[in-house]
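See below for the structure under consideration.
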Amino acid sequence: MSSLPKVDLRKYKALRENGVPDDEAERIVMDGIWPPPVPFYQAELPSFPTQTLPKWQRDFVEAEAEATQTPPDLAAMQTLCVVAAAIQRKVVVRVREGWTEPVNLFTVVVQESGTRKSRVTKDTTAPVEDWEEREGSYIEPAIHEASNAYRIKETRLQRLQRQAAQADEVRDQRRLADEALDLAWELAELEIPVPPRIIADDTTPEKLQTLIRDHEGRMAVVSPEGDVFDIMSGRYSTTGESNFGVYLKGHAGDTLRVDRVGRPPEYVRNPALTVSLAIQPEVLRGLHSKSGFRGRGLLARFLYSLPPSLVGKRKIDAPPVPRTIRTTYETYVDELLSLPWTTGSEGEKIAHELHFSDGARVRFLEFMKRLEPALARTGELGTIADWGGKLAGTVARIAGLLHVGNQVMASMRWEAPIGQEVVERAIIIGEKYLIPHAKAAFGEMGADPSVDDARYILEIISEKILEGFKKQDMWQLTKGRFKKVEGLNEGLRLLVEHGYLRENVPETEPGRRGRKPAPTYDVNPLLWSYNSYDS
């Protein structure tokens with residue numbers, strides 16, 4: 001392939017990255033055969049950089065990806081959330097004075113149905129479920145004892161209330177009423193232990209608030225489906241209105257108010273909620289249209305991953321995860337779940353604070369300086385500045401997770417600062433992986449104008465059944481959307497990059513003056529059979 005022009009080498013590489021076999025990719029490039037169009041969100045997106053993860057985590061992610069024949073992105077994003085769920089609220093990252101980040105994450109991995117999302121979710125969260133079951137068995141006797149005491153007091157209270165209501169003497173009524181009141185307060189203050197929970201799935205926002213309150217102010221919602229978004233948008237609401245305030249507060253750590261029948265309102269300070277979802281592409285495309293999701297900042301809180309599907313290219317006899325790797329993963333996660341709180345001056349539970357080393361702080365500031373111009377209206381992240389504005393905090397959170405993952409078995413784990421190398425790894429995840437995937441995700445949701453433009457042009461091509469066209473002619477057909485012919489540029493560029501169109505730029509005759517000839521475009525004939533722009 002070394003004799004091919006540079007542009008062909010680039011096309012060859014793109015074909016190989018999208019799963020086209022080597023011989024077929026070479027034939028396509030050499031002979032000019034049309035390859036299948038590539039859906040917008042799949043074009044040349046980077047794979048998750050597993051080398052940035054702690055070794056025990058990386059080994060499991062890579063082995064799980066091989067065993068299940070799934071992209072490593074899926075297991076990588078989910079294990080990050082497992083670590084976050086295990087230590088959230090117990091650990092915070094102090095970036096600088098006045099700026100502290102929790103370590104909980106919201107992630108979304110996009111995969112088609114039948115790509116083994118459920119199996120990977122089950123495997124990555126298995127140590128958490130084992131821990132919940134084991135810890136629940138330890139506390140079961142205390143639950144029975146407290147429940148029994150509660151029922152006895154409740155029965156006594158009901159008897160006192162009946163006696164007070166039936167008493168003939170005012171003095172007896174007052175005495176019995178006072179006794180009933182005292183007992184009612186005892187009941188209100190009696191806490192029945194609840195089995196330890198780290199993970200929830202199909203739960204309403206109201207129930208999620210209670211779960212967070214009952215489990216030390218922290219919870220994780222983990223699901224291999226997109227039903228959680230439907231619940232947020234009001235599936236179980238009597239009014240049909242969206243209700244996701246608990247998610248916004250749980251991500252940011254804003255005080256959460258929980259109202260319970262028979263008790264005064266309770267406040268959960270610094271709640272921590274982790275969300276790990278694996279959804280289908282059509283669920284992603286519908287998110288932008290859900291009421292309030294973008295405007296109230298919900299979509300900006302998620303980290304997106306859109307790896308290519310391996311269906312059709314999977315090994316039939318892939319080896320299972322080696323026992324030693326699985327055992328090590330389970331041991332480390334169990335250790336994370338057992339990490340103790342630190343205590344305040346009055347014995348209250350408070351979070352451990354992680355700090356950046358001097359070198360780490362310098363690298364983090366350099367990253368923030370690069371990020372800021374990209375958030376401008378005309379910058380790389382201008383169309384998703386709401387998401388990009390949270391990226392620095394996200395990188396700090398990931399740095400905290402990587403640091404704790406590295407220090408799980410260290411005796412001085414809290415005294416060690418977050419080092420420069422760890423921050424550099426977190427920056428790689430944020431800058432090299434999360435940014436391109438977020439741009440693709442918001443493009444799929446219709447939040448990227450260039451993707452929207454490309455889809456509109458494809459609709460015109462389909463409607464007119466065009467085999468090719470001149471740029472000026474396309475503009476005549478799309479004047480209602482594009483005020484100037486230059487408005488077509490970004491949409492056409494995307495269509496060429498994704499293989500829907502092929503651009504033909506006429507050569508200027510030597511010595512001829514005047515305007516450069518306008519390019520023409522050929523339409524990929526496979527468009528009619530694949531209809532890929534809609535997938």
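The values are calculated or read from the model by the stated rules, or taken from the named source; none is laboratory data. Quick caveat, the model's predicted, so the values are computed rather than measured. When we count neighbours, we look across all protein chains shown, and the Cβ atoms used for this are built from the backbone with ideal geometry, even at glycine. Ligands, DNA and RNA are excluded from the accessible area calculation, which covers all protein heavy atoms including side chains. Shrake-Rupley method; radii C 1.70, N 1.55, O 1.52, S 1.80 Å.
Working note: Karplus 6.51/-1.76/1.60 with θ = phi - 60° gives the range 145-162 the couplings 5, 5, 5, 5, 4, 5, 5, 5, 5, 5, 5, 4, 4, 4, 5, 4, 5, 5 Hz, where Gly and Pro are set to x.
Over the chain, the Kirkwood radius and the radius of gyration, each from Cα atoms, give a ratio Rg/Rh of 1.07. Report summary: the helix-based calculation at 222 nm, which adds -39500 (n - 2.57) for every DSSP H run with n ≥ 4 and divides by the residues of the chain, gives -15500 deg cm²/dmol. Rounded to the nearest 10 degrees, the inclination of helix 358-374 to the longest alpha-carbon principal axis of the chain is 60 degrees.
Seen from His437, the other residues with C-beta closer than 12 Å to its C-beta sum to a net charge of -2, counting Lys and Arg as +1 and Asp and Glu as -1. Highest-first packing order for the peptide set 432-440, 76-84 is 76-84, 432-440, based on the mean count of other beta carbon atoms within 10 Å. When each of the peptides 271-284, 166-179 is scored by how many other beta carbons lie within 10 Å of its residues on average, the order from highest to lowest is 271-284, 166-179. Under the simplified labelling scheme, the Ala165-Arg377 pair shows an inter-label distance of 6.8 nm, with each label point 7 Å from Cα along Cα→Cβ. Over the range 31-92, what is the relative contact order in whole percent, taking alpha-carbon pairs under 8 Å and six or more residues apart? So the answer I get is 25 percent.
Given a 1.4 Å probe and the protein chains as shown, Arg296 ends up with an accessible area of around 120 Å².
Solvent-accessible area per residue in the range 250-360 equals 51 Å², computed with a 1.4 angstrom probe and all protein chains kept. Note that the range 202-218 has calculated 3J(HN,Hα) couplings of 7, 9, 6, x, 5, 5, 4, 4, 5, 4, 4, 4, 7, 10, 6, x, 8 Hz, one per residue in order, obtained from phi through the Karplus relation 6.51 cos²θ - 1.76 cosθ + 1.60 (θ = phi - 60°); glycine and proline are x. Volume of the convex hull of the range 239-369 (Cα atoms only), normalised per residue: 284 Å³. The three principal axes of the Cα atoms in the range 343-452 give end-to-end lengths of 54, 30, 23 Å, sorted in falling order. Can you tell me the FRET efficiency between Asp522 and Lys483 if r is taken as the Cβ-Cβ distance and R0 is 25 Å, rounded to the nearest 0.05? Between Asp522 and Lys483 the formula returns 0.45.
Helix 391-406 and the longest principal axis of the C-alpha atoms of the chain enclose an angle of approximately 70°.
The accessible surface of the chain, taken with every protein chain in place and a 1.4 Å probe, is 49 percent carbon and sulfur.
For Ala396, the shell of other residues with beta-carbons less than 11 Å away shows a net charge of +4, using +1 for Lys and Arg and -1 for Asp and Glu.
Could you work out how far helix 170-189 tilts from the main Cα principal axis of the chain, as a 0 to 90 degree angle to the nearest 10? Helix 170-189 and the main axis of the chain meet at about 40 degrees.
For the range 109-121, 3J(HN,Hα) computed residue by residue from phi via the Karplus equation (6.51, -1.76, 1.60; θ = phi - 60°) reads 10, 9, 8, 5, 5, x, 9, 6, 4, 5, 5, 5, 4 Hz, glycine and proline entered as x.
Residues whose amide H falls under 5 Å from that of Arg218, counting only those 5 or more places apart or on a different chain, are Ala272, with hydrogens built in the peptide plane.
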